[in-house]
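The values are calculated or read from the model by the stated rules, or taken from the named source; none is laboratory data. Worth saying up front: this structure is predicted, and the values here are computed from it rather than measured. When we count neighbours, we look across all protein chains shown, and the Cβ atoms used for this are built from the backbone with ideal geometry, even at glycine. These area figures cover heavy atoms from the full protein model, side chains too; ligands, DNA and RNA do not enter into them. Shrake-Rupley method; radii C 1.70, N 1.55, O 1.52, S 1.80 Å.
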Amino acid sequence: MTVRTRFAPSPTGFLHIGGARTALFSWAYARKHAGSFILRIEDTDVARSTPEAVQAILDGMRWLGLDWDEGPFYQMQRMDRYKVVIGKLLDEGHAYHCYCSREELDALREQQMREGKKPRYDGRWRPESGKVLPAIPADIPPVVRFKNPRAGNVVWNDLVKGEISIANEELDDLIIARADGTPTYNFCVVVDDWDMGITHVIRGDDHVNNTPRQINLLQALGATIPQYAHLSMILGDDGQKLSKRHGAVSVMQYHEDGYLPEAVLNYLARLGWSHGDDEIFTMSQFCEWFGFDHITPSAAQFNTEKLNWLNAHYIKQAELGRLAVDIAKRLADAGIQVSDRVDLQGVIALYRDRASTLNQIAGSIAYFYRRPNIEASLLEKYLTPEILPVLTALLEELKDIEWTREKLHEVIQGAVTQNALKFPKVAMPLRVMLTGSDQSPSIDAVMVLLGQEESLARMRSVLQVNV
Ligand SMILES: Nc1ncnc2c1ncn2[C@@H]1O[C@H](COP(=O)(O)OP(=O)(O)OP(=O)(O)O)[C@@H](O)[C@H]1O
């Protein structure tokens, strides 16, 4: 049997971390078994679905590298097929028309509540042998209901939660087509899973309640029942389920904030799944290791600190050329054009060990490409009257030296020793003049990358010396 899994989001908003983790597990299971991963867009909620949300979901999947083998299939394009299957169920006696008016159903519910019973459809239009059905009203277009089995239990061995058994008594005769003929959610899912040959339905456990109804429908259709794996929910900081409507951040926001997709994927993989003590692994390792035996059935909480830690790791490992392309774009978005004057890869190499996002790097290195505005308080603090002559003399000396780290260090150290100062007394004002900040990597390394001409120009403009 070839494994076929699917991810089936509703395009009512962006792809968030919770959905993405579910997509990742479904994708990994297909990849592990050399099967197929199918993308299906469940867009039957016409009022809430938008083309922008479809695009946002596709963008998020592509950014993460969760490539699909088939689809995207759109449920709205499959309406004719659903109608055919509804007809089949009606013909075969697995479904029936129900002509209850809204008022009738409301009255039924009220009566059941008064009697302390669980509100449910009482099957008044359900055909049974020997039962006389009410006269068909002229003015009420019927819905189609599924004839759910009355007795027995629906039992499945959930790959995450173990055996689950639901009594058929608990299940209503589900409406599968509304009065206007449009099919309903659970029914579309069933027809799709059947037609698409899904072998493993891997989805969030917010769908557990749908599963017994779907199994009954599949059985009535004579379909093979897939295996089910209901994954725990990802909760936000407040302990609530992340959803488009509550607390979730788009996957693409992580891109914007400077996270690498491999860091986000690695983070998501560990949300509710483990492989011994392994925290850092590649996606091919993950696909190899992934299985349902090491999934925690309890909900997992999002933790930004851990994501930052992983991102810092992947930034340190990433190929510099790739980081340079990305960071140049981030700088351009902030109105800063990088130029060949400064070796961007060299600059990133100098900064990446201390960054947990690409945005932090972009923010820290902007001064290489745009002269910094230096705060008066920094000038006052570090460019004290007694140090100014030392810096002016140093500027003179820097004009004619070989522009290497070693030479720069030697010359700066010389100025320190000659004037019987401590190293920071000279290094700090240099930092401020060159970078606009009193925090930077080693100043000689900064000066090499900034270049002789630009370094001297920045010193001159602060020291107001026109030499
Ligand atoms: N917080 C979550 N944690 C884990 N899986 C989730 C989470 N939210 C949704 N999923 C799963 O992602 C898949 C796609 O879900 P869907 O597009 O309906 O997103 P949703 O966020 O639940 O939608 P909504 O925000 O409208 O409730 C489903 O399998 C669903 O179970």
Residue that is open to solvent by 10 Å² or more (accessible area, probe 1.4 Å) and outside the structural domain of Gly87 (by TED's automatic domain parsing), where the choices are Ala151, Ala223, Ala167: Ala223
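Considering only segment 101-142, state which residues are of a type in the set (D, E, K, R) and under 17 Å from Leu171 (Cα atoms).
Pass one, segment 101-142, residues of a type in the set (D, E, K, R): 102-104, 106, 109-110, 114-115, 117-118, 120, 122, 124, 126, 128, 131, 139.
Of everything in segment 101-142, those that are of a type in the set (D, E, K, R) and under 17 Å from Leu171 (Cα atoms) turn out to be Arg109, Lys117, Lys118, Arg120, Asp122, Arg124, Arg126.
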Residues located in segment 1-40, provided they are near the ligand (Cβ under 9 Å from one of its atoms), in a strand (DSSP E or B) and under 20 Å from Tyr74 (Cβ atoms): Phe7
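Based on this model, can you work out whether Val155 counts as assigned to a strand (DSSP E or B) and more than 23 Å from His200 (Cα to Cα)? So that I can check it myself, show each step before the final result.
Numbers: assigned to a strand (DSSP E or B): yes; more than 23 Å from His200 (Cα to Cα): no.
No, not satisfied.
Being farther than 20 Å from Thr5 by Cβ and either touching a residue at least 60 places away in the same chain (Cβ under 8 Å) or in contact with a strand residue (DSSP E or B) (Cβ under 6 Å, 6 or more places away or on another chain) (or both) is the filter here; which residues of segment 224-239 pass it? Steps first, answer last, please.
Let us first name the residues in segment 224-239 that are farther than 20 Å from Thr5 by Cβ, namely 235-239.
Across segment 224-239, the qualifying residues are Leu235, Gly236, Asp237, Gly239.
Mind checking which residues of segment 16-59 are among the small types (Gly, Ala, Ser), in contact with an Asp or Glu (Cβ under 8 Å, 6 or more places away or on another chain) and over 20 Å from His275 (Cα atoms)? Before you say what the answer is, go through the steps one by one.
Quick first cut of segment 16-59, residues among the small types (Gly, Ala, Ser) only: 18-20, 23, 26, 28, 30, 34-36, 47, 49, 53, 56.
Adding the requirement that they be in contact with an Asp or Glu (Cβ under 8 Å, 6 or more places away or on another chain) leaves 30, 36, 49.
Listed by number, the residues that qualify are Ser36, Ser49.
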Qualifying positions in segment 226-241 - closer than 22 Å to Gly162 by Cβ, open to solvent by 10 Å² or more (accessible area, probe 1.4 Å) and under 16 Å from the mean Cα position of the chain (by Cα): Met233, Leu235, Lys241
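Within segment 31-55, take every residue that is among the small types (Gly, Ala, Ser) and in contact (Cβ under 8 Å) with a residue 40 or more places away in the chain and give me the one that is surrounded by the fewest Cβ atoms within 10 Å (Cβ to Cβ). It would help to see each step written out before you state the result.
Here is the first cut: in segment 31-55, the ones among the small types (Gly, Ala, Ser) are 34-36, 47, 49, 53.
Those left that are additionally in contact (Cβ under 8 Å) with a residue 40 or more places away in the chain: 35, 53.
Values: Gly35: 17, Ala53: 20.
Looking at the filtered set, the residue picked out is Gly35.
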Residue list for segment 349-374, filter: over 18 Å from Ile443 (Cβ atoms), open to solvent by 50 Å² or more (accessible area, probe 1.4 Å) and either free of Cβ contacts under 8 Å to residues at least 24 places away in the same chain or in a helix (DSSP H, G or I) (or both): Asn359, Gln360, Gly363
Condition met for Lys381 (open to solvent by 40 Å² or more (accessible area, probe 1.4 Å), in the same structural domain as Val446 (by TED's automatic domain parsing) and either over 23 Å from Glu262 (Cα atoms) or in a helix (DSSP H, G or I) (or both)): yes
Checking Asp206 against (1) of a type in the set (Asp, Glu); (2) within 16 Å of the ligand (Cβ to nearest atom); (3) more than 19 Å from Asp158 (Cβ to Cβ), the condition it does not meet: (3)
